[in-house]
Amino acid sequence: MPAPQYPRYVSPKERAESRARVRAFIIWSIAGVAVFLGLMLYAYTDQAPGWLRNLAFQIDGAFGYPVLALIRAIAT
């Protein structure tokens with residue numbers, strides 16, 4: 001018969017470090033999405049270079065034009 005498996009002891013320091021890593025991941029993920037969305041919104045303006053407009057339109061089209069729908073919703 002195998003020996004019983006006991007849960008590993010997690011010290012308060014390890015628990016705090018784990019929470020900090022998860023919190024940092026969430027914050028950086030949100031920041032990354034915000035920067036990407038801001039870049040996509042900028043790409044639809046007249047001030048953006050042509051290559052960026054074309055790239056943004058292709059990326060937006062691959063996902064079903066959610067950024068264009070957001071721009072239309074903001075405009076109305």
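The values are calculated or read from the model by the stated rules, or taken from the named source; none is laboratory data. Quick caveat, the model's predicted, so the values are computed rather than measured. The protein model used for the area step is the full one, side chains on, heavy atoms only, and it has no ligands, DNA or RNA in it. Shrake-Rupley method; radii C 1.70, N 1.55, O 1.52, S 1.80 Å.
Share of carbon and sulfur in the accessible area of the chain stands at 69%, probe radius 1.4 Å.
Taking a 1.4 Å probe, which of THR45, THR76 shows the most accessible area, and what order do the others take after it?
Values: THR45 50, THR76 145 Å².
Putting THR45, THR76 in descending order of accessible area: THR76, THR45.
Averaged per residue, the chain has 86 square angstrom of accessible surface, using a 1.4 angstrom probe with ligands and nucleic acids left out. The Cα-based radius of gyration and maximum Cα-Cα distance (Dmax) for the chain are 22.1, 73 Å.
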